[in-house]
Amino acid sequence: MRDPYQVLGVSPTASEAEIKKAFRRLAKRHHPDRNKEDPKAKDRFAEANAAYEIVGDKEKRAKFDRGEIDAEGKDRFHGFPPGGRGAGGFRQGRAGEGFEHFSFDFGGPGGGARSGSGGASGMEDIISELFGRGAAGQRGGRARQAVRGADASFEMEVSLEEVAQGGKRRVGLASGREIEVTIPAGIEAGKQIRLRGLGEPGQFGGEPGDALITIRYQRHPVFEVEGKDLRAWVDLPLEDAVLGGTLRVPTLGNAVEMKIPPGTQGGKTLRLKGKGLPLKSGAGDLLVRLNIQIPSNDKDLEALMQRRREMRGARSS
């Protein structure tokens, strides 16, 4: 195998955090489940795993840096030390025996996988974090556990008219697929629409996650939303404010008529029961705030107001 530092793309002086970050990047890029059309991805993924098993483990990294083990984690042979035990777990035979009588001892440093601060267990934690618990089975012959895919979350803004009447909307998913979403009439802001099986794909045969669409209300040119209620400013002619009359008021459905009592003041709020948001939990009210319109360049009105001012001045003197 190549030098593990070269495989991970880091220098021999890299910190543990830099090595871990490099492995995460390679594992995510070359994971076989994300590269099903690339037959070489599996080999690159396995090479990154093997490299991280060496330099991601403090003990093994120190031995590799000292030249005691090679890039595959095997002990380098430096001759037999006193006592007859070889550096790689070999035991020397009796006097007169040839090399064919050496036996393997897998309890040595180059033996079975050992868990340190990094290495095998740390690598599995990273792969599990990126791809789910079953993904760690990619590195060996252990049985892979089916893992459900993650849910994918989206937000969708709907108009108040769609809230009142319901509707349909085409949306694009992260996978590139476009689907038609039904917007139920009366849905409240913050509620979620769950689309089964349209989230992230599962791992190792696991079922896909769901797509969760959170509803938000679009700003409306006429109405402001206050819980279930709607608030709107409506212009009121001066003569209707003085004499009373009937005013047509917009709603989310058809416009309705509202009676205006004589002497109505500007800024007064009138309530129309049941004309707010028609939610499933119940309809709100429409709060109509009146904005009295004063005509400009109306000579008759100006003359009337002038006479009223003079009469007020005479009464006060």
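The values are calculated or read from the model by the stated rules, or taken from the named source; none is laboratory data. What you are looking at is a predicted structure, and each value in this text was computed from that prediction instead of being measured. Don't worry about glycine lacking a Cβ; one is built from the backbone with ideal geometry, like all the others, and counts go over all protein chains shown.
Taking the criterion of being of a type outside the set (Val, Ile, Thr) and under 43 Å from the mean Cα position of the chain (by Cα), would at least one residue in the stretch 254-265 satisfy it?
Yes, that holds for at least one residue.
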Which of the numbered conditions does residue 288 fail, given that it passes all the others? Conditions: (1) surrounded by 15 or more Cβ atoms within 10 Å (Cβ to Cβ); (2) within 30 Å of residue 171 (Cα to Cα); (3) at pLDDT 95 or above. (2)
State all residues of the stretch 234-260 that are out of contact with any Ser or Thr (no Cβ under 7 Å at 6 or more places or on another chain) and either under 22 Å from residue 215 (Cα atoms) or loosely packed, with under 12 Cβ neighbours inside 10 Å (or both); if no residue qualifies, say none. 235, 246, 248, 251, 252, 253, 254, 255
Subset of the stretch 142-156 that is in a loop (DSSP other than H, G, I, E, B) and more than 7 Å from residue 209 (Cβ to Cβ) - its residue that is modelled with the highest pLDDT: 146
Checked pairs for the stretch 9-21, first under 15 Å from residue 65 (Cβ atoms), second in a helix (DSSP H, G or I), C-beta under 7 Å and 6 or more apart or across chains, list as 10/18; 10/19; 10/22; 11/5; 12/5; 12/65; 19/8; 19/55
Can you confirm whether residue 38 is more than 18 Å from residue 73 (Cβ to Cβ) and in contact with a strand residue (DSSP E or B) (Cβ under 8 Å, 6 or more places away or on another chain)? no
Out of 105, 38, report the one residue that is at pLDDT below 85 and within 30 Å of residue 149 (Cα to Cα). 38
Working only within the stretch 245-299, note down all residues that are closer than 21 Å to residue 220 by Cα and touching a helix residue (DSSP H, G or I) at 6+ places or on another chain (Cβ under 8 Å). 252, 253, 277, 278, 279, 290
Any idea which of 272, 304 is surrounded by 13 or more Cβ atoms within 10 Å (Cβ to Cβ) and not β-branched (Val, Ile, Thr)? 272
